[in-house]
Number of protein chains: 2
Amino acid sequence: MEFQIAVAKVNKYATSESGDTIEVVERPNGGLSVVLADGQTSGRGAKAISQLVVRKVIGLLAEGVRDGAAARAASDALFTDKQGKVICTLNIASLDLHSGTIVLTRNNPAPLFICRGEQIDRIDSESIPLGTSRDVRPLITEFQIEAGLTVVIYTDGLTHSGERRGQPMNVGEAIRSILEDQDPGPQALADSLLAHAVSLDDNRPADDISVLVLKFNSYTGDNVRRMTVRLPLEGTKNS
Amino acid sequence: MEFQIAVAKVNKYATSESGDTIEVVERPNGGLSVVLADGQTSGRGAKAISQLVVRKVIGLLAEGVRDGAAARAASDALFTDKQGKVICTLNIASLDLHSGTIVLTRNNPAPLFICRGEQIDRIDSESIPLGTSRDVRPLITEFQIEAGLTVVIYTDGLTHSGERRGQPMNVGEAIRSILEDQDPGPQALADSLLAHAVSLDDNRPADDISVLVLKFNSYTGDNVRRMTVRLPLEGTKNS
């Protein structure tokens, strides 16, 4: 089997920094975690908040702290630092090679989707962001990994796209339509969802948007780990 | 312009963990850093060392500490922890959007290569790993970013491949031959170098090998940031 992570991420129109932060860390007992945070508002202030949360969570995961405990610790730290005045959403998606499971931790009102073949499950039980109070509990979903499994996670910019002109995006339908038309790789799925959202906002995204797709494929290739990052540099002197 | 990072990474034959750790972090003042460490020996002990070093460096970079200072701090921490008995190589490659430069920090006897068109420069001035003494200085190379620029960084597993049968890999020649034959993307270049090394070791790598390629392209596409991670899961229950 092969595990793939794909991210597609865009800034709010006319802002130079995204308030979303996403990073990947190796787990000390085997496997990987992807940590996605969306700081309140946008621009530099929001970036500082989401970086603080991601840094805290990744530091704890790297020490072997469990995902739920890391999310609570980050919430307490944010609440203490900002006295409950600043909130931040958090998603952690972990491949735990020790247990052979995937663990999804969510402090984010935006739902997530789990797809197995034709079946697309929307996980949307009520979930509150970090930093809102002293005892914020994350929602945790854990299940065995299997070939064909796809998970789609995103920040609320995706859900809010199109609201400006009264046509908010239906993410579940968009996923179904992309998966029905083709058998996309995870990067193609993330790219298609993001492109759909951006087009609903007339190519001027009303918010930072991040889309994270995890996929398990059956696999018979080599045993090489690979990573690619692509960063457009529009704002640089030399572009 | 577009900045691309590509990584290809394989474990020493018959070991379940690589002693190499590589991670990417966003810089607080704009840009990205890639941090690559190779812990002494192989397997679990080496992994713990390289993770400790990468974690320390990334934590400092995220606070805005400069690359050279972060490398020195990691060296001091390792020296203090292990009393000079354990060493670890370190490479940091940073895209600094504030200065429009790329900053290469090296504490690694293995050289690195900077390619501009036909010109391939080998940067091989003497450089010692972290943890060897109290005052380890990193070598730092900084230059303006420009389209077409390619940087190749690797752990010593690449250089050592083929030694077992008396045909050590000539990395510079391999890079030249790949770049002459084609205009490979960074992932294709990293993959080709790694595949060449693994074939010299008869498909049983004698050491952990990590290859990191950075490339600047002229670019007219969208302003979406993308990341893909691919992780083969040979050892899992469900594979």
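The values are calculated or read from the model by the stated rules, or taken from the named source; none is laboratory data. Note that the structure is predicted; figures quoted are calculated from it, not measured. Note that each Cβ is placed from the backbone with ideal geometry, even for glycine, and that neighbours are counted across all protein chains shown. The accessibility values were calculated without ligands, DNA or RNA, using every heavy atom of the protein model including side chains. Shrake-Rupley method; radii C 1.70, N 1.55, O 1.52, S 1.80 Å.
For the stretch B:189-224, residues that are among the hydrophobic types (A, V, I, L, M, F, W, C) and more than 19 Å from A:Thr228 (Cβ to Cβ) total 4.
Hey, can you tell me all the residues within the stretch B:182-191 that are of a type in the set (Gly, Ala, Ser) and surrounded by fewer than 21 Cβ atoms within 10 Å (Cβ to Cβ)?
Answer for the stretch B:182-191, where residues must be of a type in the set (Gly, Ala, Ser) and surrounded by fewer than 21 Cβ atoms within 10 Å (Cβ to Cβ): B:Gly185, B:Ala188.
Under the condition of being modelled with pLDDT under 95, closer than 19 Å to A:Ala74 by Cβ and open to solvent by less than 80 Å² (accessible area, probe 1.4 Å), the residues counted in the stretch A:129-158 number 5.
A quick yes/no check of all residues on (1) aliphatic (A, V, I, L, M); (2) without any contact (Cβ under 8 Å) to a residue 60 or more places away in the chain; (3) not in a strand (DSSP E or B):
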position	(1), (2), (3)
A:Arg106	no, yes, no
A:Phe113	no, no, no
A:Ile128	yes, yes, yes
A:Arg134	no, yes, yes
A:Arg137	no, no, yes
A:Phe143	no, yes, no
A:Ala147	yes, no, yes
A:Thr150	no, no, no
A:Gly157	no, no, yes
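Taking the listed residues B:Ala62, B:Ala6, B:Ala14, B:Ala37, the one that is open to solvent by less than 30 Å² (accessible area, probe 1.4 Å) and more than 8 Å from chain A (Cβ to nearest Cβ) is B:Ala37, with no other qualifying. Within the stretch B:198-215, the only residue that satisfies the criterion of being crowded, with 18+ Cβ neighbours inside 10 Å, over 30 Å from A:Leu233 (Cα atoms) and either small (Gly, Ala, Ser) or modelled with pLDDT under 90 (or both) is B:Ala206. In the stretch B:25-34, the residue that is farthest from A:Asp222 (Cα to Cα) out of those that are within 10 Å of chain A (Cβ to nearest Cβ) and crowded, with 20+ Cβ neighbours inside 10 Å is B:Gly31. Within the stretch A:72-92, can one find any residue that is out of contact with any His (no Cβ under 8 Å at 6 or more places or on another chain), within 30 Å of A:Glu180 (Cβ to Cβ), of a type in the set (Val, Ile, Thr) and surrounded by fewer than 20 Cβ atoms within 10 Å (Cβ to Cβ)? No: zero hits.
Is it true that B:Ala174 is touching a strand residue (DSSP E or B) at 6+ places or on another chain (Cβ under 9 Å), under 26 Å from B:Leu90 (Cβ atoms) and assigned to a helix (DSSP H, G or I)? No, not satisfied.
Go through the stretch A:159-168 and give me each residue that's open to solvent by 80 Å² or more (accessible area, probe 1.4 Å) and free of Cβ contacts under 8 Å to residues at least 40 places away in the same chain. Hits for the stretch A:159-168 are A:Arg165, A:Gln167.
With the requirement that a residue be without any contact (Cβ under 8 Å) to a residue 12 or more places away in the chain and in a loop (DSSP other than H, G, I, E, B), what does the stretch A:115-126 give you?
Passing the criteria: only A:Glu118.
So, in the stretch B:216-228, of the ones that are in contact with a Leu (Cβ under 7 Å, 6 or more places away or on another chain) and not in a loop (DSSP other than H, G, I, E, B), which residue ends up surrounded by the fewest Cβ atoms within 10 Å (Cβ to Cβ)?
Checked the stretch B:216-228; the qualifying residue surrounded by the fewest Cβ atoms within 10 Å (Cβ to Cβ) is B:Arg225.
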